[in-house]
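Chemist: One structure, pasted below without further comment.
The values are calculated or read from the model by the stated rules, or taken from the named source; none is laboratory data. Remember, it's a predicted structure, so these values are computed and weren't measured experimentally. When we count neighbours, we look across all protein chains shown, and the Cβ atoms used for this are built from the backbone with ideal geometry, even at glycine. Heads up: the accessible areas ignore ligands, DNA and RNA and are worked out on the full protein's heavy atoms, side chains in. Shrake-Rupley method; radii C 1.70, N 1.55, O 1.52, S 1.80 Å.
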Amino acid sequence: ELPRLMPSYGGLLLKKEIEALKPLGGRPLRPFVVIMGGAKISSKLHLLKAFVRRADRVLIGGALANTVLAALDFPVGKSLIEKNMLPTVRKIALRDRKILFPHDVIAARSPETAKFLPKSVGDIAKDDMILDIGNDARRMFIRELKKAKTIFWNGPLGLVEKKEYALGTLAIAKALRGIHAYKVVGGGDLVAFFEKHRLGKSVSHFATGGGSSLMFIAGFSLPGMRALEK
């Protein structure tokens, strides 16, 4: 309501963020590759649908990938998934070949153990937990990223709080250094990960707007932006 009652302006940080995200939100240079990681697919489902429409490839990792794998009837053991999302995710994953998910993973009986094994997604045991993407998945993701002219990455690809399960995210982050593209990274956990490993120079922009940045890149209209435009 305030913009209707008095003059309104965006701050310098908002201006910087919009200018940095415009190449992704408008007509990105193609191929446009999106990496989606993190935990809950329910909070990102509308974004996943939008990115599948707008991007040339959508690479899925983290616990989001667990739900996709379970939706496609792969065994996931004790891995973190969102069971209520399986029917919806199944429809998206089966319909669109733009979505790529790991075909191999790093699995362990518990996040607390350093005893882990690389496994095919078809070989996950009942007591296993998927905690990172595997070596073949890392190579597949990097191959797709090397083709890209625009890259957006939101969310880690494994349990990065544990160094044993941060290697997939680290491999992809290091690979960005040698890829000539417009590269944007968003999400607090992932931004902190890049800072921890001193990989900030490999990225064109770190999106600081949280969920709003995601919505803007995915092409959704934002109330605050509409108010400023008027």
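Chemist: Hey, if we sort Asp127, Asp56, Asp132 by accessible area with the 1.4 Å probe, largest down, what's the order?
Modeler: Result, largest first: Asp127, Asp56, Asp132.
Chemist: Given the whole protein assembly as supplied and a 1.4 Å probe, what does the accessible area of Lys91 come to in Å², nearest 10?
Modeler: Accessible area of Lys91: about 140 Å².
Chemist: How much accessible surface area, in Å² rounded to 10, belongs to the heavy atoms of Leu159 with a 1.4 Å probe?
Modeler: Counting only protein heavy atoms, Leu159 exposes about 50 Å² to solvent.
Chemist: Using DSSP, restrict attention to beta bridges with both residues in the chain and report what percent are antiparallel, rounded to the nearest 5.
Modeler: Of the beta bridges lying entirely in the chain, close to 30 percent run antiparallel.
Chemist: Still on this structure: Given axes a ≥ b ≥ c from the Cα gyration tensor, I'd like to know whether the stretch 25-65 is rounded (a/c under 1.5), prolate (a/b larger than b/c) or oblate.
Modeler: In terms of gyration-tensor shape, prolate.
Chemist: Nearest 10 degrees is fine. How inclined is helix 62-71 to the longest principal axis of the chain, computing both from alpha carbons?
Modeler: Helix 62-71 sits roughly 70 degrees off the main axis of the chain.
Chemist: On the full set of protein chains, 1.4 Å probe, figure out the accessible area of Arg139 and give it in Å² to the nearest 10.
Modeler: 130
Chemist: What does a probe at Ile179 reach in the stretch 35-49, counting residues whose amide N is under 11 Å from the point 7 Å along Cα→Cβ?
Modeler: 35-36
Chemist: How do Ile81, Ile41 stack up against each other in accessible area, from largest to smallest, with a 1.4 angstrom probe?
Modeler: My answer, sorted largest first, is Ile81, Ile41.
Chemist: Considering only DSSP beta bridges where both residues belong to the stretch 88-213, give the percentage that are antiparallel (nearest 5).
Modeler: In the stretch 88-213, approximately 55 percent of DSSP beta bridges are antiparallel ones.
Chemist: Treating only the Cβ atoms of Lys and Arg (+1) and Asp and Glu (-1) as charged, compute the dipole magnitude of the chain about its Cα centre; round to the nearest 20 debye.
Modeler: Taking the Cα centre of the chain as origin, the dipole is about 780 debye.
Chemist: Using the alpha-carbon atoms, what tilt in degrees (0 to 90, nearest 10) does helix 86-95 show relative to the longest principal axis of the chain?
Modeler: Taking Cα atoms only, the helix is inclined about 80 degrees.
Chemist: Another question about this same structure. For Lys98, Lys147, what's the largest-to-smallest order of accessible area, 1.4 Å probe?
Modeler: The residues order as Lys147, Lys98, largest area first.
Chemist: Okay, next question. Specify which labelled value, from [x] -0.30, -0.75, -1.09, -1.21; [y] -0.35, -0.82, -1.10, -1.19; [z] -0.28, -0.78, -1.25, -1.44, agrees with log10 I(q)/I(0) by the Debye sum over Cα atoms at q = 0.08, 0.13, 0.16, 0.17 Å⁻¹ derived from the coordinates of the model shown.
Modeler: Computed from the coordinates, log10 I(q)/I(0) by the Debye sum over Cα atoms at q = 0.08, 0.13, 0.16, 0.17 Å⁻¹ corresponds to [x].
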